[in-house]
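Participant: Have a look at the structure that comes next, please.
Read-outs: derived from the displayed coordinates by stated rules, not from any lab. Just so it is clear, the structure is predicted and the values come from calculations on it, not from any experiment. All Cβ positions, even for glycine, are placed from backbone atoms using ideal geometry, and neighbour counts span all protein chains on display.
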């Protein structure tokens, strides 16, 4: 076992996959000599050289479009977008080509590509560095969307994403890049895409989240347990597409209540999709409407006001009480 | 503090064969009479297929499609310069390229006929499917070119697009990436002077498309796009440079779209009959025929034989297309992912059971 934070876990997955498969290529802005602005790819350039850790010109559509061609030609590119707020020039390539090349060619040409990007707020960053726009990828047929919440999952899910035969959007919550260390196996391993994880068992209510706010959810659940009021089950969605409704619905059938925590703006977010699917699957067991704790339908504020925007432990506890007392 | 001129450039234009069919022997590419006959037959067959597709569209037997009338020399001449191991990344106005790359032409009819199975190309064809969004596919050519270089294959990539595509950002990103990575890519712009109703002058203020190469650090050349010998010659040279590790080239084939943009368009709304007549006199197919007649390679009998053979082939392809069994509704779900997700399995089941219910009158 190695004691790793999320940055190191992602780097280990990249390193081991590059050692395992010569077709795995890392490309992006500043990923090479500089090791990435968050140092995720540090050391890879020195180990694998400039032909496998490729510093590209500064053009996101170019990076993703070129990676699509590399993947069609038999490579497994892992493209880094420096911040998810800069992915939009590449959104056309993702929507118009990466997600549908398999369909367009009836399986003849495929795009086994990963697009990694730091995502979410909480680091007092500049404008465009704090958004949580995962829903715009979840809505695209043909893309998979993965958001890890801890180093162990990050390594296993990224390894699985690189080996996956289809394009995967891999969002890395930068707020927790270095927030936690945990024991992570030194050897390579995969975690299946499309499986949620029950991270805390409970009977009163199901609290659902992904990414950085799994931690917020667990803290809220722990507080309520310490206070001896509610016994909350916490589920980490892990992959938003494909979404593991079975695990979530089974929990809600058991608890009868659900709250979803998402950092993204409220309207049209993934929490809404979860609420709809729970209504379809568990309407008769639901004792209360599915609660949502979300960002506002506003532009995420800069650092001074950021804490007002994000879901926090108190807000999650408040919603849990409201849902319990409905 | 002197002012110095850092960069100056010239853009060559290559013409081998004039509209009368007279060639400049010094520039004539190395083509055998058999190869010239093959090029001619491909152009004739492409035109017959294009004509027949128009009729099929008017009869409702296929859907909207983009005609290639007038551009046969540009895309056929360029595609002919490729070896079998080379890649072709097309846009949507390259019917003749399908014939040269060994894609069964009934597949093209099937695709334009609204059946995606037409894009199920034979394994190893190294031709990507038609790409409808304008100007975004050239980046894929760069990625494939990068892969060929990395893999130490000597294969190159030809990507074809129109003058409208040169206004898209991805065109510039593709040119820049290709030059920075010295990827073996040939960018062929079929400058047919009209992006639907917008003329070249409204697309760019540059005198040529070819000169855009200068800013990215690669050669840019204009050719007479209705002169198949010139297109072939220039593309062949670019292919050899790319194959030898000398990087990408931008070729502007200066041609003319003698048809409407697609079967849904009416070009009479925005351009004059005089302009069309001017270009009809410069028809690329007739130009090659004039050369071949003068060279003793084509007489009336041979011309009729080529036409008859093309007609027969086209008739066979139409027959093969129309004999295809209808697509199953499951085809919608078949190629979203390598393995369908549980949600896709459930949605397919939902569709099939609703169809069964409809059959049973429920």
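Participant: Sticking to Cα atoms, compute the Rg of chain A to one decimal and its Dmax as the biggest Cα-Cα distance, whole number, in Å.
Facilitator: Both quantities, over Cα of chain A: 19.5, 59 Å.
Participant: So, one more: Angle, helix A:270-282 long axis vs. longest principal axis of chain A, Cα atoms, 0 to 90°, nearest 10?
Facilitator: The answer is roughly 60 degrees.
Participant: If you don't mind, there's one more thing I want to ask. Could you state the orientation-averaged shadow area of the convex hull built on the Cα atoms of the range B:13-327, in nm² to one decimal?
Facilitator: Orientation-averaged projected area of the Cα hull: 15.8 nm².
Participant: Now a separate question. Which order, highest average first, do B:190-198, B:273-281 follow once you tally other Cβ atoms within 10 Å for each residue and take the mean per peptide?
Facilitator: Those peptides, ordered most packed to least, come out B:190-198, B:273-281.
Participant: Right, another one. In units of 2.2 N^0.38 Å, what is the alpha-carbon radius of gyration of the range A:67-168?
Facilitator: Taking N as the residue count of the range A:67-168, the ratio is 1.09.
Participant: A follow-up question, please. Under the definition of Cα pairs under 8 Å and six or more residues apart, what whole-number percent is the relative contact order of the range B:191-246?
Facilitator: 16 percent
Participant: Then there is this: Divide by every residue of chain A the summed helix terms, -39500 (n - 2.57) for each DSSP H run of at least 4, and state the resulting mean residue ellipticity at 222 nm, rounded to the nearest 500 deg cm²/dmol.
Facilitator: -10000 deg cm²/dmol
Participant: OK, next. Using mean Cβ contacts within 10 Å as the protection proxy, how do A:33-46, A:259-272 order, highest first?
Facilitator: So the order, starting with the most tightly packed, is A:259-272, A:33-46.
Participant: Relative contact order of chain A: what whole-number percent is it, with Cα pairs under 8 angstrom and at least 6 residues apart? Intermediate values should be presented prior to the final figure.
Facilitator: Values: 731 pairs, mean separation 52.7, N = 326.
Reported relative contact order: 16 percent.
Participant: Separation between the residue A:222 and residue B:346 pseudo-spin-labels, each 7 Å from Cα along Cα→Cβ, expressed in nm?
Facilitator: 3.3 nm
Participant: Here's another thing I want to ask about it. Set the Förster distance to 41 Å, then compute FRET efficiency between residue A:253 and residue B:354 from the Cβ-Cβ distance, nearest 0.05.
Facilitator: About 0.95, to the nearest 0.05.
Participant: Right, next: Pull up the DSSP beta bridges for the protein assembly as shown and report the antiparallel fraction as a percent, rounded to 5.
Facilitator: Around 15 percent antiparallel, to the nearest 5.
Participant: Using the alpha-carbon atoms, what tilt in degrees (0 to 90, nearest 10) does helix B:342-359 show relative to the longest principal axis of chain B?
Facilitator: With both axes taken from Cα atoms, the answer is about 60 degrees.
Participant: Hey, rough spin-label estimate for residue A:280 and residue B:24, points 7 angstrom out along Cα→Cβ, what's it come to in nanometres?
Facilitator: Distance between label points: 6.6 nm.
Participant: So, one more: Kindly provide log₁₀ I(q)/I(0) values, in the same order as q = 0.05, 0.08, 0.10, 0.11 Å⁻¹, from the Debye equation applied to equal alpha-carbon scatterers of the protein assembly as shown.
Facilitator: -0.29, -0.70, -0.98, -1.11
Participant: Something else: Spin-label point model (7 Å from Cα, Cβ direction): what's the residue A:139 to residue B:59 distance in nm?
Facilitator: About 4.3 nm separates the two model spin labels.
Participant: Taking chain A as a Gaussian network, where each spring joins two C-alpha atoms under 10 Å apart, which residue of A:236, A:150, A:164 fluctuates the most?
Facilitator: A:164
Participant: Relative to the longest principal axis of chain A, what angle (0 to 90°, nearest 10) does the C-alpha long axis of helix A:6-20 take?
Facilitator: 40 degrees
Participant: Same structure, new question: Rg/Rh for the range A:2-184 to two decimals, with Rh computed the Kirkwood way over all alpha-carbon pairs.
Facilitator: When Rh is taken as the Kirkwood radius, the ratio is 0.94.
Participant: Helix-only estimate, please: 222 nm mean residue ellipticity of chain B, summing -39500 (n - 2.57) across DSSP H runs of length 4 or more and dividing by its residues, to the nearest 500. Don't jump to the answer; show the numbers that get you there.
Facilitator: Numbers: 14 runs with 162 residues, N = 362.
Taken over chain B, the calculation gives -14000 deg cm²/dmol.
Participant: Tally the DSSP beta bridges in the range B:13-327 and give the antiparallel ones as a percent, rounded to 5.
Facilitator: Numbers: 3 of 26 bridges.
Roughly 10 percent of the beta bridges in the range B:13-327 run antiparallel, per DSSP.
Participant: Follow-up. What ranking, highest mean first, results for peptides A:100-107, A:18-25, B:77-84, B:292-299 when packing means the other Cβ atoms within 10 Å averaged over each residue?
Facilitator: B:77-84, A:100-107, A:18-25, B:292-299
Participant: Determine the percent antiparallel among the DSSP beta bridges restricted to chain A, to the nearest 5.
Facilitator: Here the share of antiparallel DSSP bridges comes out near 20 percent.
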